[in-house]
Amino acid sequence: MQTFDLGEKGLRAMHEELHAQTQSTNETAWEIVNPKGSHAIAVGLDAPIEVTVRGSTGYYCGGMNKQATINIDGSAGPGTGENMMSGKIIIEGDASQYLGATAHGGLIVVKGNAASRCGISMKGVDIVVHGNVGHMSAFMGQSGNLVVCGDAGEALGDSCYEARFFVRGEVKSLGADCEKKEMRPEHIELLKGLLEEAGCDARPEDFTRYGSARQLYNFDIDNAGAY
Amino acid sequence: MQEARAALKEMRPETRVMSAGEAIEIYKEVGLPGDVAERFDIPQLTGSHGIGHTRMATESAVTTLGAHPFSTGADQCLVHNGSLSNHNSLRRTLAREGVMTETENDTEVAAAYLTWKMQNGHSLGEALEAGIDDLDGFYTFVVGTKDGFGVVRDPIACKPAVMAETDQYVAFGSEYRALVSLPGIEAARVWEPEPATVYFWKH
């Protein structure tokens with residue numbers, strides 16, 4: 001285990017070390033201490049390494065991540081995992097707003113709650129929240145899965161495309177063109193896998209699926225006269 | 001109070017009154033935060049509550065008058081993160097009601113709006129609730145009162161806000177980074193205020 005003191009050595013030195021790790025690195029376990037809510041911790045990683053941040057992080061931790069597993073032993077600031085491509089981010093506490101915004105792949109797990117706009121414009125990432133998510137979550141979600149074991153705030157999935165949403169608790173309101181959908185066997189199977197990977201013992205059968213009603217983003221010939 | 005203000009205006013027209021009351025003092029200036037804090041000897045101040053604010057100017061120029069907080073009445077003040085889009089029309093409405101503003105600043109209009117609401121019988125909490133309907137734009141507001149402070153975010157809540165609570169204190173910041181040097185922060189309850197909800201803490 002390599003331990004890096006962020007308070008002492010700073011963000012640039014941390015990234016020089018983490019970005020120097022290659023596909024075949026032997027230094028696969030990293031620990032960042034003294035994060036103190038710093039911005040942009042462990043961004044742009046591209047190696048099969050595991051980084052554990054001991055404490056809470058500020059804006060954009062794990063942004064653009066590829067391959068790496070990032071554990072946040074605390075709460076995460078706004079925009080965590082933004083534009084992540086692959087790999088994993090596990091947050092022990094809560095996540096602030098726009099978690100996993102525009103993320104293309106990988107898995108983000110929140111053990112606590114996530115704030116507003118969780119998974120906004122998600123493009124293939126899977127997000128599993130053990131608690132609740134705030135308003136406007138998965139706004140314009142295009143692809144991927146958002147799993148909420150608690151409740152969802154107002155306007156879930158507003159103007160969504162083909163992202164899927166699974167909520168176990170209450171949904172305060174659905175956004176424009178988002179609707180409740182049937183849970184078919186393939187969805188139960190998918191959800192089972194995601195919950196297992198996220199270390200969550202919720203039963204897939206207790207969830208409701210939501211997704212796009214496909215009225216907003218598909219061209220309707222009856223509206224041709226409007227153009 | 002009105003007479004004192006009028007007399008000051010006549011005798012010392014260059015004087016600007018930043019605050020009035022018995023408990024809350026407002027200091028503001030242009031410059032590096034460290035320099036401003038030193039000039040007013042902020043580290044020597046004592047009290048039960050306080051708030052610091054640095055401004056990234058959008059709606060009006062970088063001037064001392066445009067700096068926050070703005071007084072909303074005796075022992076009250078307002079700081080704002082965000083931007084209001086209907087401040088010009090609201091400024092005209094308030095002027096017709098006899099509530100005048102001194103600058104082009106949007107937050108000053110919000111402060112004047114709260115003052116006006118309270119002159120018409122609203123409590124501060126009610127004035128903030130009414131603001132959710134009447135103030136168009138995005139904001140996280142913090143109001144200082146004689147014995148505490150309040151927080152409200154607009155219904156969309158783009159502008160960040162973080163609270164930390166322990167048995168010893170309640171703290172507010174725009175982000176967790178601002179709170180990390182507080183004693184016992186690791187064990188504090190850290191949470192984000194809900195949109196369109198008015199919170200108050202007092203001694």
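Looking across region A:152-163, the residues that are assigned to a loop (DSSP other than H, G, I, E, B) and buried (at least 24 other Cβ atoms within 10 Å of the Cβ) come down to A:Gly157, A:Cys160, A:Ala163.
Here is the figure for region B:1-16: residues that are surrounded by 12 or more Cβ atoms within 10 Å (Cβ to Cβ) and either over 23 Å from B:Gly66 (Cα atoms) or in contact with a helix residue (DSSP H, G or I) (Cβ under 7 Å, 6 or more places away or on another chain) (or both) total 0.
Report yes if A:Gly79 is surrounded by 24 or more Cβ atoms within 10 Å (Cβ to Cβ) and without any contact (Cβ under 8 Å) to a residue 24 or more places away in the chain, otherwise no. First the steps, then the outcome.
Numbers: surrounded by 24 or more Cβ atoms within 10 Å (Cβ to Cβ): yes; without any contact (Cβ under 8 Å) to a residue 24 or more places away in the chain: yes.
The answer is yes for A:Gly79.
Among residues of region A:201-220 that are free of Cβ contacts under 8 Å to residues at least 60 places away in the same chain, those with a beta-carbon under 9 Å from a residue that is among the β-branched types (Val, Ile, Thr) and in a helix (DSSP H, G or I) at least six positions away or on a different chain give the pairs A:Pro204/A:Ile188; A:Glu205/A:Ile188. Can you tell me which residue is nearest to B:Gly47 (Cα to Cα) among those in region B:103-142 that are more than 14 Å from chain A (Cβ to nearest Cβ) and among the aromatic types (Phe, Trp, Tyr)? Across region B:103-142, the extreme among qualifying residues is B:Phe141.
Taking each residue of region A:33-51 that is within 14 Å of chain B (Cβ to nearest Cβ) and looking for partners that are β-branched (Val, Ile, Thr) and part of a loop (DSSP other than H, G, I, E, B) with beta-carbon atoms closer than 8 Å, six or more apart or interchain, yields A:Pro35/A:Ile41; A:Pro35/A:Thr57; A:Lys36/B:Val180; A:Gly37/A:Thr57; A:Gly37/B:Val180; A:Ser38/A:Thr57; A:Ile41/A:Thr57. Does B:Asp35 satisfy the criteria of being under 29 Å from B:Lys202 (Cα atoms) and not β-branched (Val, Ile, Thr)? Judged against the criteria, B:Asp35 is not a match. Condition check for B:Lys28 on (1) exposed (fewer than 11 other Cβ atoms within 10 Å of the Cβ); (2) of a type outside the set (Ser, Thr, Tyr); (3) under 27 Å from B:Ala127 (Cα atoms): one failure, at (1). Note on region B:144-176: residues that are out of contact with any Cys (no Cβ under 7 Å at 6 or more places or on another chain) and either part of a strand (DSSP E or B) or among the charged types (D, E, K, R) (or both) total 20. Count of region B:20-48 residues, restricted to those that are out of contact with any Asp or Glu (no Cβ under 6 Å at 6 or more places or on another chain) and either closer than 16 Å to B:Phe141 by Cα or among the small types (Gly, Ala, Ser) (or both), is 6.
Selection of first residues in region B:40-55 that are closer than 13 Å to B:Ala67 by Cα and of second residues that are loosely packed, with under 14 Cβ neighbours inside 10 Å, restricted to Cβ pairs under 9 Å at least 6 apart or on distinct chains, gives the following pairs, ordered by first then second residue: B:Gly52/B:Pro33; B:Thr54/B:Pro33; B:Arg55/B:Val62. Which one is surrounded by the most Cβ atoms within 10 Å (Cβ to Cβ) among residues in region B:177-201 that are under 19 Å from the mean Cα position of the chain (by Cα), away from every other protein chain (no Cβ under 11 Å) and assigned to a loop (DSSP other than H, G, I, E, B)? That would be B:Val198. Taking the numbered list (1) under 28 Å from A:Asp94 (Cα atoms); (2) assigned to a helix (DSSP H, G or I); (3) in contact (Cβ under 8 Å) with a residue 60 or more places away in the chain in turn, B:Gly125 passes all entries but (1).
For region A:115-151, which residues satisfy the criterion of being within 14 Å of another protein chain (Cβ to nearest Cβ) and in a strand (DSSP E or B)?
First, pick out the residues of region A:115-151 that are within 14 Å of another protein chain (Cβ to nearest Cβ): A:115-118, A:120, A:131-137, A:139, A:151.
Of everything in region A:115-151, just one residue is within 14 Å of another protein chain (Cβ to nearest Cβ) and in a strand (DSSP E or B), namely A:Val133.
Go through region A:91-114 and give me each residue that's away from chain B (no Cβ under 14 Å) and either charged (D, E, K, R) or not in a loop (DSSP other than H, G, I, E, B) (or both). Working first, answer last.
First, the residues of region A:91-114 that are away from chain B (no Cβ under 14 Å): A:100, A:102-109, A:111.
Of everything in region A:91-114, those that are away from chain B (no Cβ under 14 Å) and either charged (D, E, K, R) or not in a loop (DSSP other than H, G, I, E, B) (or both) turn out to be A:Leu107, A:Ile108, A:Val109, A:Lys111.
For region A:26-37, the criterion of a residue being in a loop (DSSP other than H, G, I, E, B) and surrounded by 20 or more Cβ atoms within 10 Å (Cβ to Cβ) is satisfied by at least one position. A search for C-beta distances below 8 Å between a residue of region B:143-166 that is farther than 17 Å from B:Val79 by Cβ and more than 10 Å from chain A (Cβ to nearest Cβ) and any residue that is among the small types (Gly, Ala, Ser) and in a strand (DSSP E or B), counting only pairs 6+ apart in sequence or on different chains, returns B:Ala164/B:Ala171; B:Ala164/B:Gly173; B:Glu165/B:Ala171. Scanning region B:4-28 for residues that are of a type outside the set (Asp, Glu), part of a loop (DSSP other than H, G, I, E, B) and without any contact (Cβ under 8 Å) to a residue 60 or more places away in the chain yields a total of 10. Within region A:52-76, restricting attention to residues that are away from every other protein chain (no Cβ under 14 Å), surrounded by fewer than 20 Cβ atoms within 10 Å (Cβ to Cβ) and not polar (S, T, N, Q), the residue that is farthest from B:Tyr176 (Cα to Cα) is A:Lys66.
Values quoted throughout were computed directly from the atomic coordinates according to the rules given, and no laboratory measurement underlies them. These numbers come from a predicted model, not from an experiment. Please note: Cβ atoms are built from the backbone with ideal geometry, for glycine as well, and neighbour counts cover all protein chains shown.
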